[in-house]
Every structure is written in structure tokens, then in C-alpha cells.
């Protein structure tokens, strides 16, 4: 099971660009230009930003089938006044997230879901560095939008890194969530990890059905913030 989990986590390194034009009932995928030129409105919907890597970017499937759009449709069905913004960038590390967080925050944010760290674990980056980067991102969000709710999506490190490393890595997300008073999703891929039928033929990227289950995992925590 842990070997298969390694393959699932490995999806963060197999990246592709995912862009879309914003349409009703679909989450928005943002670029730096779009954030800079975003017009202000008097009564905008509240904004949920998913800031992540290829998981958020819905690698390998139609973006409409990705979990951010599934979450948007769920919100719409409940007639909640929120729009979901897909700020996923395939291949992103926590260090890369520190580098692009400021322009993402040029738009308002009410709920910020931080889905980064999988690539750090895959590359064997010191968990202390991952902790520092996630903390910097969270503190940047809180500094600009102190009323925003933070949600931390936990990830797992590859088992070949050894028990000590994987345990320390897992605790990083728990620690950041506690210190930043954020909601915690213990493990984003809890329902799909190690299940070939829920992943693409490459064995590492969730299928459309897999994204449905990831969305369920997210919703269990996200609904507490709505």
C-alpha cells in the first residue's frame, strides 16, 4: 500500500499546463495577467482559492472533472455565495508557492486552501524547509486578509525516504495547521491512494472518479468554513 501511495504522491512531478476560461458553475483558473487585470465589483461573491500543484490543476483529465469544479458545483447546488478559484500549478513546490503567493493575493480571498508539499516529499526536501515555506505562505495570506479562513491539505512523503522522514513530514502539516489556526485535511488522497482503479493508466494521477472522492475528502473539512 505504501509503495502505491508513493506512486500517487509522485503525480506532483508529472505536470502539464491547465488553463480555462471562466464560465458559470466552473472554477476559475488564474494567471498572473488575469489577477492583475481583475475588475473590482461592488458585491462580489466570496472567494475560495485553491493554491496547489498538479492535484489542484487536475492533471490528465478535463479540468471540469477536477475537484475544484466539483466543489464549485456542490456550492452552487447549495446556493452558497462563493466562487472557487483554481490556482493550481503543476510541478509546484512549497518554495515555488512562496514565490507566487503575492500576485495570487491581488484578488480578494475569504477561504484559502493550501495544497502544496507533495513535490517536497517526493524530492526528499528537508521537512524543516517545507514547514518554513508553508508557514510563510500562510502568514502572507493572514497578513493581507486577516479574516480569511485557512485550510491546510496534508500530504505524505514517499516510503523509501524512511520512517523517520515520513513521520516528520506528516507532522509538518499538522504543526502548520495548529500554529496558524487553520482547518486541516489530514491527507488529501486518503480515499484514492493505492487504488489503481481510481488512477489514470500511468498509475499516479487520479481519474475523474478519483477526483470525485478527493472532492469528498475536501468537503468534509471545507464545509466547516462556509
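The table below gives the values:
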{"quantity": "Gain upon complete extension [residue 62, residue 103; 0.36 nm per residue less C-alpha separation]", "calculated": "12.2 nm"}
{"quantity": "Euclidean distance between Cα centres, the range 198-221 to the range 69-108, Å", "calculated": "17"}
{"quantity": "Likely footprinting exposure, 165, 112, fewest C-beta neighbours within 10 Å first", "calculated": "165, 112"}
{"quantity": "Packing rank of 81-89, 51-59, 188-196, where each peptide gets the mean count of other beta carbons within 10 Å, highest leading", "calculated": "51-59, 81-89, 188-196"}
{"quantity": "Estimated FRET transfer efficiency (residue 160, residue 190; beta-carbon r; R0 25 Å; 0.05)", "calculated": "0.75"}
{"quantity": "Set of the range 132-162 residues, backbone N closer than 15 Å to the point 7 Å along the Cα-Cβ line of residue 126", "calculated": "132-134"}
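Coordinate-derived values only; no laboratory data. Only a predicted model underlies this, so the values are computations on that prediction, with no experimental measurement involved. As a convention, Cβ positions derive from the backbone with ideal geometry for all residues, glycine included, and neighbour counts pool all protein chains shown.
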